[in-house]
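Note sheet for the following structure.
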Amino acid sequence: MFKRGVSPVIATVLLLVITVVIASIIFAFVIPFVNKSLGNSKACLNVLDGIEFPESRFNCWNASAPPLVSANNPYETGFSVKVKKDGIEGFRIALIDENEQSDVKDIKPGATGSDLKMVGITNSYGGALDFPSIGGQKTYVTKKNTNGKYLKAEIAPITETGDVCPVADIVEFSHCSGVVVF
């Protein structure tokens, strides 16, 4: 009869205080952990769908000196790239051949490549490569240094922080129809 208990109001307040303290402790550790884990990868969200292979008559392969294809006269593959968003400082392209082997190239403003050239600017490999401005598009040509040709390519943006984002677009190459001079 003389037992004393905690009133329901005080019990409810204590439960709420304990819940808030536990939630605060969890958030104090979880939020910094998530931010640290994400790092600069948040930059990839800003450039999502910011680069693509637009429809182009140059997205194809051609023998540079048909019908004899050799190390001196390799297949050439053209591809056009369009930049649609700010924050893209370059792109990584994976060129995939008939054997599912890939050659990966990073293209940034001012880059050069011994097996890359621009369409319409220079006919020699190894020169400076232009980079598309926002809303602009550029067309590149590459040669396969071994026998075979590239059948498709994947492109991924490189952000201002240097992060290489996931693949943004894929293009499949076919034989160039008509006269295409790279």
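To the nearest 500 deg cm²/dmol, what mean residue ellipticity at 222 nm is calculated for the chain from DSSP H runs of n ≥ 4 alone, each contributing -39,500 (n - 2.57), summed and divided by the residues?
-6500 deg cm²/dmol
Once the piece of chain linking Ser7 and Tyr125 is laid out straight, how much longer is it, given 0.36 nm per residue of separation minus the C-alpha distance between them?
Here the segment from Ser7 to Tyr125 would lengthen by 34.0 nm.
Among Lys152, Lys36, Lys105, which one moves the most in a GNM of the chain with springs linking Cα atoms closer than 10 Å?
Its mean-square fluctuation being the largest, the pick is Lys36.
Do you know the relative contact order of the chain, to the nearest whole percent, from alpha carbon pairs under 8 angstrom that are 6+ apart?
26
How much accessible area per residue does the chain have, counting only protein heavy atoms and a probe of 1.4 Å, in square angstrom?
I get 62 Å² per residue for this part.
At 1.4 Å probe size, with the rest of the protein present, what percent of the exposed accessible area of the chain is carbon and sulfur atoms?
For the chain, the apolar C and S fraction of the accessible surface comes to 57 percent.
Taking the 0 to 90 degree range and rounding to the nearest ten, how far is the long axis of helix 8-38 tilted relative to the main principal axis of the chain, both from C-alpha atoms?
With both axes taken from Cα atoms, the answer is about 20 degrees.
Which of the following values of Rg and Dmax of the Cα atoms in Å was calculated from the structure shown: (i) 17.0, 58; (ii) 23.2, 82; (iii) 27.3, 107?
So the calculated entry is the one marked (iii).
The values are calculated or read from the model by the stated rules, or taken from the named source; none is laboratory data. What you see is a predicted model; the values in this text were computed from it and never measured. Ligands, DNA and RNA are excluded from the accessible area calculation, which covers all protein heavy atoms including side chains. Shrake-Rupley method; radii C 1.70, N 1.55, O 1.52, S 1.80 Å.
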